[in-house]
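Peer 1: I am attaching a structure below and will ask some questions about it afterwards.
Computed from the coordinates by the stated procedures, all read-outs in this text should not be read as laboratory data. What you see is a predicted model; the values in this text were computed from it and never measured. Here the Cβ is made from the backbone with ideal geometry for all residues, glycine too, and neighbour counts use every protein chain on show.
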Number of protein chains: 2
Amino acid sequence: MAAGRPRSFCTTKALDAAMQVFWRKGYEGASITDLTKAIGINSPSLYAAFGSKEGLFKAVLQRYDERRQAFMDSILAAPTAQETARLFLHGVADFAADTGGQTPPGCLFLQSGLACCDENIPDVLARHRAEKEMALRERFERSRREGDLPPSASAATLARYLSTMANGMSVQAAVGATAQELHAIAELALASFPAGDKTSPAKELVD
Amino acid sequence: MAAGRPRSFCTTKALDAAMQVFWRKGYEGASITDLTKAIGINSPSLYAAFGSKEGLFKAVLQRYDERRQAFMDSILAAPTAQETARLFLHGVADFAADTGGQTPPGCLFLQSGLACCDENIPDVLARHRAEKEMALRERFERSRREGDLPPSASAATLARYLSTMANGMSVQAAVGATAQELHAIAELALASFPAGDKTSPAKELVD
DNA sequence: AGAATTTTGTAGTGATCGGCAAAAAATTTT
DNA sequence: AAAATTTTTTGCCGATCACTACAAAATTCT
């Protein structure tokens, strides 16, 4: 069925290469020249495949989000809110810390554009982050109904707290914090997390 | 002594106007045209006064840092580590939350360039943030010597934890978190802060 | 083999980027 | 009043920005 000259590059490899550039230089800082050099193609090929710089960026975000979403799904499946919180923060620590070159440190959702000339970019990134926070919140609301969070706990605030820590840890990672340091911060942060009736409060806090 | 045509603009007013632009659009996103329009001057006046875009940015950062430093000095003077931590996080909440237009929400040190084409910019911003974290750390080391922090507490980790929270809160603020929400997060975060022998641990945690 | 189709490489588009030369304007000094 | 000094305005610089027209190359279909 497929006629015409075959494509010389793999789309997903191209997205991974572009991801690194956006991650390290930000949306605006990444020029088309940077991107085409990293992918190893000429600009018309880029535009034929992805439409525009923003189109490429959106495709990169989607690919990045797939991994993040898989991570979220795995931690949301934990049996209790406490375990979800623990897996979340330590997972973010592993994810954000410099792994030695495979991906840049930090989080693409933050690195690629907190502020930007085109305000659409920060907005779409913020929506991605808010999506994860909302998933945590819904998980914690379920926990409250099921009893592993006390009725006094606010699911919204707890989710916001974890999301805040995750963003902060990503910022720290981007400027060189080690995985060990991030895990220590995560552990400290978890001491604030309210205990349910299934675990003793003392254990949570002394740990 | 001063000869020549008088300057038509006030330097500090110009810096404040430029600060708003960098804060909202980032270092790269802020064009010279944006900056000169906001200040109300032509570009040669800008270059005569500040040398370059980076020169202007550095001057803006210095002005911004003065306020932050004054804030840090005030909270570092608190009698205990616990009080310093409390004043720090709630102060950041007030500072970062949208005040209704006077300054943009979030923190200039984060908004203006986490990642950037010119790597020098993220570096200089990171140094500013690290400076504040180091001040907290030194304060907490003193607290350990003076007894309002237990010897088991790590001043470095506590400082890193608070710095992480502050960065995370600034990110949340930039996408619309209210002061009330930020204060709730701050309060939750403070529950992790270790108590000294001057206050009862129970009080810190129940609060 | 030849027509049809798709991607490739070359070479550019106008717009905007940060920055600057030069003359006019506004002040102080002589 | 004229010289000296500083800033302002006008108009422009080469470089780079995101993006594209066009034709050669490489494949499949007839």
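Peer 1: Report, please, the projected area of the range A:78-190 averaged over directions, based on the convex hull of its C-alpha atoms, in nm².
Peer 2: With every direction weighted equally, the projected area is 7.5 nm².
Peer 1: Restricting things to alpha carbons, tell me how big chain A is in terms of Rg and Dmax, in Å.
Peer 2: 19.8, 68
Peer 1: While we're here: Using a Förster radius of 35 Å, what is the FRET efficiency between A:Arg7 and A:Asp123 based on their Cβ-Cβ separation? Nearest 0.05, please.
Peer 2: 0.65
Peer 1: Placing the label point 7 Å from Cα along the Cα-to-Cβ direction, what are the distances from A:Ala48 to the equivalent spots in the other copies, shortest first, in nm to one decimal?
Peer 2: 5.3
Peer 1: Between copies, how far does the label point of A:Ala130 sit from its twins, in nm, shortest first, when each point is 7 Å from Cα along Cα→Cβ?
Peer 2: Here the equivalent label points are 3.4 nm apart from this one.
Peer 1: Over the protein assembly as shown, what lengths in whole Å, largest first, do the semi-axes of the equivalent ellipsoid take, defined as the square roots of 5 times the eigenvalues of the alpha-carbon gyration tensor?
Peer 2: Working: eigenvalues 271, 200, 58 Å².
Calculated on Cα positions only, the semi-axes equal 37, 32, 17 Å.
Peer 1: Quick one: Cα centre-to-centre distance for the range B:115-174 and the range A:1-69, in angstrom?
Peer 2: 36
Peer 1: Here's a follow-up. How high is the relative contact order of chain B, in percent, counting Cα pairs under 8 Å that sit 6 or more residues apart? Kindly include the intermediate steps, with their values, before the conclusion.
Peer 2: Numbers: 220 pairs, mean separation 48.9, N = 207.
This gives 24 percent for chain B.
Peer 1: Still on this model: By count of other Cβ within 10 Å, fewest leading, how are B:Val21, A:Val171, B:Val92 ordered?
Peer 2: Working: B:Val21 23, A:Val171 29, B:Val92 26.
With the fewest neighbours first, B:Val21, A:Val171, B:Val92 line up as B:Val21, B:Val92, A:Val171.
Peer 1: Can you put A:Tyr161, B:Tyr47 in order, fewest other beta carbons within 10 Å first? Intermediate values should be presented prior to the final figure.
Peer 2: Values: A:Tyr161 27, B:Tyr47 15.
Arranged by neighbour count, lowest to highest, A:Tyr161, B:Tyr47 become B:Tyr47, A:Tyr161.
Peer 1: If you don't mind, there's one more thing I want to ask. Taking Cα pairs under 8 Å and at least six residues apart, what relative contact order does the range B:55-160 come out at, in percent? Could you put the intermediate results ahead of the total?
Peer 2: On the way: 63 pairs, mean separation 23.8, N = 106.
Over the range B:55-160, the number comes to 22 percent.
Peer 1: Still on this structure, I have one more. What residue of chain A has the nearest C-beta to the axis that moves A onto B, and what is that distance in Å, given as a whole number?
Peer 2: Its Cβ sits closest to the axis: A:Gly168, 2.
Peer 1: Something else about it: Report, in deg cm²/dmol and to the nearest 500, the calculated mean residue ellipticity at 222 nm for chain B, where each DSSP H run with n ≥ 4 adds -39500 (n - 2.57) and the sum is divided by the residue count.
Peer 2: Numbers: 10 runs with 144 residues, N = 207.
Computed mean residue ellipticity for chain B: -22500 deg cm²/dmol.
Peer 1: Along Cα→Cβ, 7 Å out, is where each label goes; now give me the distance between the ones at A:Glu146 and A:Arg63 in nm to one decimal.
Peer 2: Calculated label separation equals 3.5 nm.
Peer 1: Further, regarding this structure: Which whole-Hz ³J(HN,Hα) couplings does the range B:180-191 yield from phi under the Karplus relation 6.51 cos²θ - 1.76 cosθ + 1.60, θ = phi - 60°, glycine and proline marked x?
Peer 2: Working through the residues one at a time gives 4, 5, 5, 5, 5, 5, 4, 4, 4, 4, 5, 5 Hz.
Peer 1: Average projected area of the Cα convex hull of the range A:155-198, in nm²? All intermediate terms of the calculation are to be shown ahead of the outcome.
Peer 2: On the way: hull surface 13.7 nm².
Taking a quarter of the hull surface, the average projection is 3.4 nm².
Peer 1: Label-point separation (nm) for B:Asp16 and A:Ser43, each offset 7 Å from Cα along Cα-to-Cβ?
Peer 2: 4.2
Peer 1: Under 12 Å from the Cβ of A:Lys53, count the other residues' Cβ atoms, weight Lys and Arg +1, Asp and Glu -1, and hand me the total. Mind showing how you got there, number by number?
Peer 2: Details: positive: A:Lys58; negative: A:Glu28, A:Asp34, A:Glu54, A:Asp118.
Here the charged neighbours net out to -3.
Peer 1: Go through the range B:36-46 residue by residue and turn each phi into a ³J(HN,Hα) via Karplus (6.51, -1.76, 1.60, θ = phi - 60°); whole Hz please, and just put x for glycine and proline.
Peer 2: Per-residue couplings from phi come out as 5, 5, 5, 7, x, 9, 9, 4, x, 5, 4 Hz.
Peer 1: Tell me, A:Asp73, A:Asp148 in order of fewest to most beta-carbon neighbours within 10 Å? Let's see the in-between values first.
Peer 2: Working: A:Asp73 10, A:Asp148 22.
Placing the least packed residue first, the sequence is A:Asp73, A:Asp148.
Peer 1: Moving on to the next point. Against the longest principal axis of chain A, how steep is helix A:11-29, in degrees 0 to 90 to the nearest 10, with axes from Cα atoms?
Peer 2: It works out to around 80 degrees.
Peer 1: Distances from A:Ser31 to the same residue in each other copy, label points 7 Å out along Cα→Cβ, in nm, shortest first?
Peer 2: 1.6
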